[in-house]
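Chemist: Take this structure, written in structure tokens, and hold onto it; I'll ask about it next.
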């Protein structure tokens, strides 16, 4: 299979840059991206490892569009570090996401073939992330979960924590990825925010309220704050439901946080820590 390639990427969380060669045929298609198998090249420790190249499906990829996705990735990793520290949770990690400008393109004879939704151009930017095997959905972009179970309580609690930690300014959802040795390795998620600053999937306050209409609280998140609209719709008797919040506010939470979305307050987040990532070798994937 002939491959296309990128120029050197933006630095990853360890400061390394890679360029990537990838297959022209996508192995998966989402609502916004085509996903292509690729290989990382460069002097960093991930040299030779398999990766995923994400190409915008219906619009030409720009650096600005990539920056929005990277902004989501950095924000959710920040929240994840805080969640793991405050709640002694070590089960969640998010893969690194970087951007790269295209270099060489192998164009199929039929640019409208099933492998492509549109032609790819040399002036485009694409996204590169670590490859995940056994990919699955855990929490939808509307906060729904295929089936709430003990093994997924941590992810549901993290969704709620993202709202609590940011004083109601955003909520993280759309969690998808794989389970590796008891740890959830997740892709860049969806973020709904009061300011609608996280791209075209950010549905703002309406998206936040929709997430909490589907969210089921558990023992981890029972003391986290919830949106005022949700508290009003369910009433305080919701506290008696074993799958719901026992309290709507945490100790010391302000009335302003409870009754509205206060985007002016800054999150109390911990300092950065590197997130380890160990995608499988390229040849292992190709032989599957």
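The values are calculated or read from the model by the stated rules, or taken from the named source; none is laboratory data. Because the structure is a prediction, the values reported are computed rather than measured. Positions of Cβ are backbone-derived with ideal geometry, glycine not excepted, and every protein chain shown enters the neighbour counts.
Chemist: For segment 1-25, which residues satisfy the criterion of being assigned to a strand (DSSP E or B) and at pLDDT 90 or above?
Modeler: Scanning segment 1-25 gives 4, 5, 6, 19, 20, 21, 22, 23.
Chemist: Kindly indicate whether residue 218 is more than 29 Å from residue 50 (Cα to Cα), assigned to a loop (DSSP other than H, G, I, E, B), outside the structural domain of residue 101 (by TED's automatic domain parsing) and in contact with a strand residue (DSSP E or B) (Cβ under 9 Å, 6 or more places away or on another chain).
Modeler: Judged against the criteria, residue 218 is not a match.
Chemist: Please specify each residue of segment 171-193 satisfying the condition of being in a loop (DSSP other than H, G, I, E, B) and under 8 Å from the mean Cα position of the chain (by Cα).
Modeler: Correct list: 174, 187, 188, 189.
Chemist: When you go through 197, 250 one by one, which is the residue that is at pLDDT below 50 and either crowded, with 18+ Cβ neighbours inside 10 Å or within 28 Å of residue 74 (Cα to Cα) (or both)?
Modeler: 250
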